[in-house]
Amino acid sequence: MPGRTAIGLDIGTSGVRAAELSYGRGGVTLEKFGQVALPEGAVRDGEVVDRAAVVDALKTLWKASGFKGKKVALGVANQRVVVRQVDLPWMPLAELKASLPLQVQDYLPLPVDECLIDFHVTEEVVDGETRLLRGLLVAAAREMVSANVAAVEAAGLRATGVDLTSFAVLRSVGKPFGDVATEALVDIGARISNLVIHSGGQPRFVRVLLSGGQDVTDAIAERLGLSAPLAESVKRGSLEDLSEQDRSLADSAVDLMLEVFVDDIRSSMDYYAASHPAFPVERIVLSGGGSLLHGVAERLEAVTRKPVVPADPTAGLHVGRTGLDEQQLATVQPLAAVPVGLALGVIS
């Protein structure tokens, strides 16, 4: 019998995904995983726009995948989420949390009362005679979070917590006792991608990138005058019905968007390297649906001169009666990093 359970819910641009984990004496078990596609425009840059469409998708997901629980850990990541490294005066954590609104206003683009804020301590430092807490300040627009939570509740579910999807990726694929000291995790979504650099499970740098696999689809659709579904099919390698000229146009569109995306990752890693010379990145780990795009791993490896490997969010987990065979599990593996990591945040 499974022990305590938790469900992580990822509301993405292209679909909703959830993973149910149980925790018992034998460790953590993946009990269920499911996903349902969303109509275009229902979620825009990580924010629910069409609540009715998202609610319908969530209800379908719960019915089709057999989730029993109604409590979920919800992830957020978009342009209305700010993540910055800051140094704050040392104080006990309880006092620090209470004083955050007074201390961090100058770091935020919005008034502090319009944000949900948190501070993740990464280390203690001493500047002269001053003792400081260095960490990652996370702030999300309250209005955006409320819209996403409202859609969840309208589907009959209850969001018991809201977490940064970057931290979820870190939990699921950033192994604290790996064979490298510092690695970069890149989770490529449809419109939103997460970059997390960590050392032994301790986050050192987080950046939310407003680009992903859907940008490649859009570029193909524009170049060839195709509908979005046909462009998506071409992106995934279905080129049989295209003329040689259209194949060339499709390839150039993919090349251009990959170049832009890889350059964003490279420049972010260069910025990190300049500010964290003592913790150089040794490896890049790829997850997310966009990681399946042909050529993205090779380009990242060539530009960054770092080895690039696929993520394995189910490593270290037992696999229960998910209803998925080995081939299906392998197919959903890149998509599972965020929902699995969200659930791990509840039971860990």
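Details
- Of the strands (runs of 3 or more DSSP E) entirely within region 160-228, those holding at least 1 residues that are acidic (Asp, Glu) and farther than 22 Å from Ala140 by Cβ occupy 182-188.
- Inclusion of Leu132 among residues that are touching a Ser or Thr at 6+ places or on another chain (Cβ under 8 Å) and part of a strand (DSSP E or B) is not warranted.
- Ala42 being crowded, with 16+ Cβ neighbours inside 10 Å, farther than 28 Å from Gly320 by Cβ, without any contact (Cβ under 8 Å) to a residue 24 or more places away in the chain and under 21 Å from the mean Cα position of the chain (by Cα): yes
- Test: residue in region 243-264 that is touching a strand residue (DSSP E or B) at 6+ places or on another chain (Cβ under 6 Å) and under 26 Å from Asp10 (Cα atoms): yes
- The number of residues in region 83-107 being of a type in the set (Phe, Trp, Tyr), within 28 Å of the chain's Cα centre (by Cα) and within 14 Å of Glu124 (Cβ to Cβ) comes to 0.
- Scope region 45-74; condition within 22 Å of the chain's Cα centre (by Cα) and β-branched (Val, Ile, Thr); matching residues: Val48, Val49, Val54, Val55, Val72
- Of all residues in region 297-308 being of a type in the set (A, V, I, L, M) and surrounded by 13 or more Cβ atoms within 10 Å (Cβ to Cβ), the one that is farthest from Val173 (Cα to Cα): Val303
- Qualifying positions in region 303-348 - within 24 Å of Val281 (Cα to Cα) and among the charged types (D, E, K, R): Arg305, Lys306, Asp312
- Across region 275-286, the number of residues qualifying as modelled with pLDDT under 95 and either among the hydrophobic types (A, V, I, L, M, F, W, C) or touching a helix residue (DSSP H, G or I) at 6+ places or on another chain (Cβ under 7 Å) (or both) comes to 2.
- Verdict on Val126 being under 26 Å from Gln35 (Cβ atoms), of a type in the set (A, V, I, L, M) and not in a loop (DSSP other than H, G, I, E, B): no
- Residues that are outside any helix (DSSP H, G or I) and touching a helix residue (DSSP H, G or I) at 6+ places or on another chain (Cβ under 7 Å), drawn from region 287-309: Ser287, Gly288, Leu293, Gly295, Pro307, Val308
- Scan region 50-77 for residues that are modelled with pLDDT of 95 or more and part of a loop (DSSP other than H, G, I, E, B) and the total you get is 2.
- Of Leu93, Leu110, Leu88, all but one fail to be of a type in the set (A, V, I, L, M) and either modelled with pLDDT of 90 or more or surrounded by 18 or more Cβ atoms within 10 Å (Cβ to Cβ) (or both); the exception is Leu88.
The values are calculated or read from the model by the stated rules, or taken from the named source; none is laboratory data. Just so you know, these numbers come straight off a predicted model, no measurement behind them. All Cβ positions, even for glycine, are placed from backbone atoms using ideal geometry, and neighbour counts span all protein chains on display.
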